[in-house]
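Below is one structure, written out as structure tokens; the observations come after it.
The values are calculated or read from the model by the stated rules, or taken from the named source; none is laboratory data. Please read these numbers as outputs of a predicted model, since none were measured by experiment. With ideal geometry, Cβ positions are generated from the backbone for all residues, glycine too; neighbour counts draw on all protein chains shown. Keep in mind that these areas ignore ligands, DNA and RNA; they rest on the heavy atoms of the full protein, side chains included. Shrake-Rupley method; radii C 1.70, N 1.55, O 1.52, S 1.80 Å.
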Amino acid sequence: MALTKITKAELTKRIKHHLNFTLDDVTDNQNKEAYWKATSLAINDIVVEKLQATKARQQSANARSVNYLSLEYLMGRMLSNNLHNLGVYEAAEAAVRDLGHELSDLCEQGADLALGNGGLGRLAACFLDSLATLDYAATGYGIHYQHGLFKQSFKDCRQVEEPDMWREFGNPWEVCRPDAAQTIALYGHVKHETQADGTVKSIWEPKTHCKGVPWDIPIVGYNSATVNVLRLWEGTATEAFDWDHFSDGNYIHALKDNVRAETVSKVLYPKDEHEAGKELRFIQQYFFCACSLKDIIARHERSQGIDWSAFTDSTAIQLNDTHPTIAIVELMRILLDEYDMAWDESWAICQKVFSYTNHTLLPEALEKWSVRLFEKVLPRHLEIVYRINEDFLNNEVNEKWPHDFQMRRKLSLIEEGHERMVRMAHLCVVSAHKVNGVAEIHSKLVKQDLFPEFDALWPEKLTNVTNGITPRRWLKACNPKLSKLLDKHVNEDWAKDLNNLSQLVALADTPKFQKEFMAIKRENKVELAKEIEQLTGVVVSPDAIFDVQIKRLHEYKRQHLNFLHILALYSRLLENPNLVMQPRVFIFGAKAAPGYHLAKEIIFAINKVAEKINSDQRIQGKLKVVFLPNYRISLAEKIIPGADVSEQISTAGKEASGTGNMKLALNGAVTIGTLDGANIEIAEEVGNENIFIFGNTVEEVKAIKAQGYNPYHFYETNAELKKILDWLDSDFFTPGQPYQLSAIKHSLLDGGDPYLVLADFQSYSDAHQALDIAYRDQSRWARMAILNTACMGKFNSDRSIQDYVENIWHLAPCAEK
Ligand code: 26W
């Protein structure tokens, strides 16, 4: 049993130790921040002990391990999660209470580690939790951004961004490892020297170097013997000062390398689903990949010396989308140039170790870097890309499509045109031994629409691994009341094997269990209502339906479809205040990429309409709209337990998977959604009578687009739709200032409504009608809510990891004997 045995007394002693010595004699008993830090440090001591034991065990077992390369990790807060995973939450709660504090309060102190944008970054965090819980040897590699995802606030209903200051009070969960620092090269040019044997050797002469210093964050498994590492690289200058310039009194110039090096890990690019295309982003990608590969090879050399066959036996490297693609080319460069390995042998090694996950079909999110930028920053790597491309086109492509110039052009790693671009996704597919999508429908579309020719070339290579979420953070830690009820009715540890929740199916119709289950939902709604009032000043009733849409703001996620339906409900209530409907609270949480104009207009419109609706006495409080600022992991943990309805309304074919849909359903929310991403698999698990599906399917969307979509058709044929769209031109929500909200109307009509909002509106509205009726049948709703929780077993990220292990990584657990 890997749960940590520690008494309350021992914990109290350790916390006091840090209060007195590490934090230097904290006398002010009310200093919550200090008690949070002291408690975190005391727990981290236990964690580091387990980490050292894990390292020794994995080293001696020569355990094959996976290295997860991701530019993003959306970790959230660590204290509560680590306490639950170590199994010492209760002991810590008692110890902290003895010291005059509430543990739940202290857990609120730490800043979120918001080193990611959205789904991709959070998935990485859930996967690290599952890898450690299942005792697999794994290292997460990323960047130690000084500033994570921006802090969002609203000024006059508009989003305002401020830098994220997560490191302001330091992070008790990280250890700096200057001894493992790496130095990487950048810029410069390549010299070609003819060797004695007539072969030409490429020698890269870089112009500058940058040092990467790693910060290690322990990843604690749940009730397991394993603590793995998340290693995040910080950029620093190789030379503290350029003394020559310094002695010439040119101080600023003396510091330039320093400033440049530090900028590499200064800030996370807040773009989600839109590629940045900036030189610094390119350098961020190379910086962390180059440091990570040096670290991986050094670790291998330490345990097995330089034996490359052993290297492929012990090493798997997963690319989290195309952002770390350059790692492939960097490993080729190291093998060719630093180990003088032959091309074919080097290529074989790369194909064996790399695998790639695609997380999006959106064309604007598929990364392409200009040949010019490659030439400037990584000239040697460009040569290697050309060689990989040549071999690929002349061998595989020419074999299958002999002399087919068009096909060569379509599949080439290089996109020809006035600005030649390197297609990073093509480079991944050609190099990796496995490529996966993140939900069944998505992986099918990756095969059929994104990479059909690659699928034809390598039918075995493209596969699927449906996403998952960790039930430790997303149920056990964030919904303790429901967890206790589950502990009472489910005999095995459901947090370890979520399929055990299926034992609840038999209870779904029992009035007693229904009552207990819905009483907890209501208590969570009361808590959430307090949070909403505290954050927005809006008072909402826990008797209303809490209808939640929480995710990044993006047109394909269609927050503006939800918005139009709210306008429809409002107009119906203004027409007939006695309209029979269950009172409803629409809860939004969403950040828009700073440069994404229409996304920001949608936020503005929702806030403006919310102001009007929430203060309109005529509708007797039947409708409330709240947009919670600064949506992030720790806020999601508060919203999700109190949700009744989960909005998953993306245009079919656009949301690769979604993971918020899984979190909300697991906590007893009923989904209203399209047949998109993992919604389809959720519907399969819960049964079509326990979910509200609407809208055009993927095939229907394709057909509509193929025959030409005219949004005006719906505007002209649906009177209610016309009325609410025209409402946006008026000054009803912006007194004296008409047309303030017209950007949305414009995008949906003249803008061509690319995400078929108008085409799905009526079906969506009808689904909400059906939902309203269902909610008013309390036992039917309770049954639906219970079955959603009971049937989420498949969406445990442990199951996803097992799929990766069986199909892609081929690891063996390295548990305690
Ligand atoms: C280059 C800028 C950029 C940054 C991030 C482009 C694309 C991304 C990510 C791929 C966006 C993302 O987070 N995708 C989401 O990944 C989740 C995890 O697999 C899925 O559940 C979501 O459906 C998908 O939108």
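Some notes on this structure:
- Reach of K702 by Cα under 24 Å, taken over lysines that are not fewer than 8 positions away in the same chain: K410, K444, K447, K557, K654, K745
- Which listed pairs, of K207/K591; K600/K722; K400/K434; K155/K368; K207/K434, have C-alpha distances above 27 Å, in listed order: K207/K591; K155/K368; K207/K434
- Between A495, L528, M332, the Cα set farthest toward the positive side of the dipole of the chain (charges on each charged residue's Cβ, about the Cα centre) is that of L528.
- Backbone amide hydrogens, once placed in the peptide plane, bring G140 within less than 5 Å of Y68, V229, L230, R231, excluding anything fewer than 5 places away on its chain.
- Sorting the segments 620-630, 641-651 by their residues' average number of neighbouring beta-carbon atoms within 10 angstrom, most packed first, yields 641-651, 620-630.
- Relative to the Cα centre, the charge distribution of the range 471-795, modelled as +1 at Lys and Arg Cβ and -1 at Asp and Glu Cβ, gives a dipole magnitude of about 940 debye.
- Share antiparallel - DSSP beta bridges, the chain, percent rounded to 5: 45
- Extension gain, Q503 to H17: 0.36 nm times the residue separation minus the Cα-Cα distance gives 170.5 nm.
- Label point 7 Å beyond Cα of D98 along Cβ direction - residues of the range 9-25 with amide nitrogen under 20 Å: 9-23, 25
- Cα gyration tensor shape of the range 471-795, rounded if a/c is under 1.5, else prolate or oblate by comparing a/b with b/c: prolate
- Distance from the range 62-76 to the range 325-371 (C-alpha centre basis), Å: 17
- Spin-label model distance (nm) - E453 vs E419, 7 Å beyond Cα toward Cβ: 2.3
- Rounded percent of accessible protein surface that carbon and sulfur make up, the range 394-519, 1.4 Å probe: 54
- Cα-Cα separations in the range 671-817 greater than 23 Å, expressed as whole percent: 58
- Expected 222 nm ellipticity per residue - DSSP helices of 4 or more, -39500 (n - 2.57), all of the chain, to 500: -13500 deg cm²/dmol
- Percent carbon-and-sulfur accessible area, the range 87-183, ignoring ligands, DNA and RNA, probe 1.4 Å: 49
- Computed FRET value (nearest 0.05) for Y739 with N576, which takes r as the C-beta separation and R₀ as 25 Å: 0.35
- Gain in span if fully extended, A310 to Q769, counting 0.36 nm per residue against the direct Cα distance: 159.1 nm
- Computed from label points 7 Å out along Cα-Cβ, the spacing between R372 and I704 is 3.9 nm.
- Summary of packing: across the peptides 447-460, 22-35, 80-93, 591-604, the per-residue average of other C-beta atoms within 10 Å ranks them, highest first, as 80-93, 591-604, 447-460, 22-35.
- What you get for the range 453-528, charging only the Cβ of Lys and Arg (+1) and of Asp and Glu (-1), is a dipole of about 620 debye around the Cα centre.
- Note on the range 683-756 and the range 627-650: Cα centroid distance 23 Å, given to the nearest whole angstrom.
- A prolate overall shape is assigned to the range 744-783, the ratio a/c of its alpha-carbon gyration tensor axes (a ≥ b ≥ c) being 1.5 or greater and a/b exceeding b/c.
- With 19 Å as the limit on Cα-Cα distance, the pairs of K37/K481; K488/K525; K481/K663 that go past it are K37/K481; K488/K525.
- Options A703, L771, Y804, ranked by Cα towards positive dipole end of the range 698-817, top entry (Cβ charges): Y804
- Shape class for the range 378-420, computed from the alpha carbon gyration tensor (a ≥ b ≥ c): oblate, with a/c not under 1.5 and a/b at or below b/c.
- Segment V160-D750, length gained on full extension (0.36 nm per residue, minus Cα span): 209.6 nm
- Nearest-0.05 FRET efficiency for T183 and S247, computed from C-beta distance (R0 25 Å): 0.55
- Here the spin labels are modelled as points 7 Å beyond Cα on the Cα-Cβ line, and at E301 and L535 they lie 4.9 nm apart.
- Å² per residue, accessible surface of the chain at 1.4 Å: 37
- R522-K400 FRET efficiency (beta carbon distance; Förster radius 60 Å; 0.05 resolution): 0.50
- Positive-end ranking of Q648, L123, V757 along the dipole of the chain, with charges on Cβ about the Cα centre, is headed by Q648.
- Comparing Cα centroids, the range 399-425 and the range 1-51 end up 58 angstrom apart.
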